[in-house]
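Since every read-out is calculated from the coordinates, none of them should be taken as a lab result. Model, not experiment: these values are computed from the prediction. For neighbour counting, all protein chains shown are included, and Cβ atoms are generated from backbone atoms with ideal geometry for every residue, glycine included.
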Amino acid sequence: MLSGVMLLWFVLTAISVVFVALDSIRTPESPVLKWGFILLTAYTGPVGAFLYVLGCREPLPGLHEQYTATRWRQVLGSTMHCVAGDGLGILVGAIIGSMIHLSRAAEIGLEYLLGFGFGWTIFQALFMKDSSGGSFIKALKNTFIPELVSMNYLMAAMVVVTTVGMGLVPEASDPSTAEFWFLMSMALLTGFVAAFPINWWLVSRHLKHGMMTVRPAEEAAHIEGSEHMAHAAHATGHDAGLHSGHGNAKAQVSSAEIGKVVIVSFVVLGLCVAFALSYGG
């Protein structure tokens, strides 16, 4: 039964990844978010493709800015961005941990460090430094707390799913098996759901960016005079139409509130890790 489900899942995932990769070429989205959707689809199969179509794919020419301006689509872009980058690091950590036979606690620690490190320094700060005026150092500072709390909820959910899954299907702890990759897909999908609410909070307070629109200068100039460009921001250079971002609005939250959110995220993560170690032990 499980073998049949996994086979169907992997076939649908392959089809979904090809569709998103080819279709996103003509979508006026930021390149890093295009890659994010491709990675998300590789992780979550047809669910990722469905989210791409419903949340990012331009419905009609010239409508991407208006279409993606809705709050839930902005949050979708933010959450997807987190899961795509962090998930890659977590997968690498899980593979390394299995290969060198780390303890469960050490493996969780490695997955967390690689997931957060890659997601924060590469997928957030480096790829999105233009939103911070082109400064990588400033981008690291701006994205640290948002990435941290988002990663905590993603990792918390994944730890629970992978621990229970490996307990039920021991083969799932070996990266050379299909069971491992199926379980990691389910864990990343669950992590996406768990991270969505905190990303809503982050986006609503301008601590994280959501979807963005990037068009060639000529196309942006043509659309600029229409009502569809009412909420668009303009980028310098050969691209224009960047919608939303870290630098476009001032954060609307106090340091005390941020501190509480960080503490709660670590409490949730700690409880989930404690469950994993207890269950696994």
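Spin-label model, LYS260 to HIS101: label points 7 Å out along the Cα-to-beta-carbon direction sit 4.8 nm apart. If you model segment 107-223 as an ellipsoid using its alpha carbon gyration tensor, with each semi-axis the square root of five times an eigenvalue, the axes come out at 33, 16, 14 Å, biggest first. Taking each residue as 0.36 nm, the span from LEU168 to LYS141 lengthens on full extension beyond its C-alpha to C-alpha distance by 5.6 nm. Residue exposure proxy: LEU51, LEU63, LEU188, ordered by other Cβ atoms within 10 angstrom of their Cβ from fewest to most, comes out as LEU63, LEU51, LEU188. Using all Cα-Cα distances in segment 36-158, what percent lands in each 5 angstrom bin from 0 up to the longest? Computed distribution, short to long bins: 2, 11, 18, 19, 19, 15, 9, 4, 2, 1, 0.
Put a dot 7 Å past the Cα of LEU277, heading toward its Cβ, do the same for ALA178, and the two dots end up 3.6 nm apart. When the helices of the chain are scored as -39500 (n - 2.57) per DSSP H run of n ≥ 4 and the total is divided over every residue, the value at 222 nm lands at -23000 deg cm²/dmol.
Convex hull of alpha carbon positions in the chain: directionally averaged projected area 14.7 nm². In a reduced charge model with +1 at each Lys and Arg Cβ and -1 at each Asp and Glu Cβ, the chain shows a dipole moment near 580 debye about its Cα centre.
For LYS129, the lysines whose Cα falls under 26 Å of its own Cα, not counting residues fewer than eight places away in the same chain, are LYS34, LYS138, LYS141, LYS208, LYS250.
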